[in-house]
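Notes follow once the structure below has been shown.
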Amino acid sequence: MQAIDYASDAREIFVLPDAVTQIKRLIDDDAATMQDIADIINYDPALMVQILKIANSALYKFPNKIDSISKAIQVIGTNAVYDLVIAFGICRAFEKLNTEVIDLERFWENSVFCALLNKYFAEKFIKKDAERMFVAGLLHNLGELVMVQFNPDIAEKCSQFNESETPVVLQKKYFDSTYAELGKTLIQMWGIPDEISRPVSKQHFVEGEEIPIDEQIMQLSYVMALDNCYPEYYADNANLDPVLFERLSLESADLEAAVNTVGMQSLNVLAMFSPSSVAVM
């Protein structure tokens, strides 16, 4: 099977909340109001509670408590709230995945770390749409969850990465593609904006390739998250090609500052996106 085949099957099984489609329709409708969007979120109590938790979390650090979805939309912005609805909706869609093949807690630990790094660097270099980069990082390895569902044998083989064989090497070896391609295809089929699916597809560094800054950020965040979340294999930034940070005019001290900041946020944010927390909503 090809990536498009797996993605087509996954779209039939892993269904996003209606709120994702409905909010996107309202965003595209000039006559829609913020209250229209708030009403959709409020209709889903689990989604409402989670969005408020995220808005009041370390992701934003607002001085005053945000106690309503309407206020969250005013403070964070319509697109940012929509992006967070996507993130929570996808986490919820995969909450009942078979955990015999994959350590879901560690999977989401890596995903959240990548997401936070993406947001950190996006706020530094792009100045806007940091939430979209957060969601792209959170979903960067979504293809693995699809593979666990439809071909656990390949998923298990691809999970046996080590010092000499990185995840992408094993994916190309056993899948003849990458989880990045699979994840991107599914995200596109869901109708999620290209600003999220494109960085997912470009997470792996190709030497000499000219790419936009959001893709550069994704490639740096991907490697930093992998090395930091799997230190038993990749200690001391084993996979970090200096090009990944030098082309962004960053130095080693900048990377250390990013890891320290993200590390302080990660446990709080992980508690909102890990399978155990989503399942109880």
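Observations, loosely collected:
- Unique match (being in contact with a Lys or Arg (Cβ under 8 Å, 6 or more places away or on another chain) and open to solvent by less than 70 Å² (accessible area, probe 1.4 Å)) among 113, 134: 134
- Considered as a group, the residues in the range 137-159 that are farther than 15 Å from residue 204 by Cα and polar (S, T, N, Q) include one that is most open to solvent (accessible area, probe 1.4 Å), and that residue is 149.
- Output for the range 160-174, where each listed residue is open to solvent by 100 Å² or more (accessible area, probe 1.4 Å) and more than 21 Å from residue 237 (Cβ to Cβ): 160, 172, 173
- Within the range 65-100, the set of residues being part of a loop (DSSP other than H, G, I, E, B), among the β-branched types (Val, Ile, Thr) and modelled with pLDDT under 85 comprises just one member, 99.
- Number of residues in the range 39-51 that are of a type in the set (A, V, I, L, M, F, W, C) and buried (at least 21 other Cβ atoms within 10 Å of the Cβ) equals 4.
- The criterion of at least 2 residues that are hydrophobic (A, V, I, L, M, F, W, C), within 30 Å of residue 18 (Cβ to Cβ) and open to solvent by less than 40 Å² (accessible area, probe 1.4 Å) is met by the following helices (runs of 4 or more DSSP H) wholly inside the range 176-281: 179-189, 194-201, 252-273.
- The set of residues in the range 74-97 being out of contact with any Pro (no Cβ under 7 Å at 6 or more places or on another chain) and over 13 Å from residue 47 (Cβ atoms) consists of 74, 75, 76, 77, 78, 79, 80, 83, 94, 96, 97.
- Test: residue in the range 45-64 that is under 22 Å from residue 191 (Cα atoms) and not in a helix (DSSP H, G or I): no
- Extreme residue, least open to solvent (accessible area, probe 1.4 Å), among residues of the range 119-131 that are within 18 Å of residue 270 (Cα to Cα) and charged (D, E, K, R): 119
- The set of residues from the range 107-164 being under 23 Å from residue 257 (Cα atoms), basic (Lys, Arg) and assigned to a helix (DSSP H, G or I) comprises 119, 124, 132.
- Scanning the range 11-27 for residues that are assigned to a loop (DSSP other than H, G, I, E, B) and either surrounded by 15 or more Cβ atoms within 10 Å (Cβ to Cβ) or at pLDDT below 85 (or both) yields 14, 16, 17.
The values are calculated or read from the model by the stated rules, or taken from the named source; none is laboratory data. Not measured: the values here are computed from a predicted model. Don't worry about glycine lacking a Cβ; one is built from the backbone with ideal geometry, like all the others, and counts go over all protein chains shown. The protein model used for the area step is the full one, side chains on, heavy atoms only, and it has no ligands, DNA or RNA in it. Shrake-Rupley method; radii C 1.70, N 1.55, O 1.52, S 1.80 Å.
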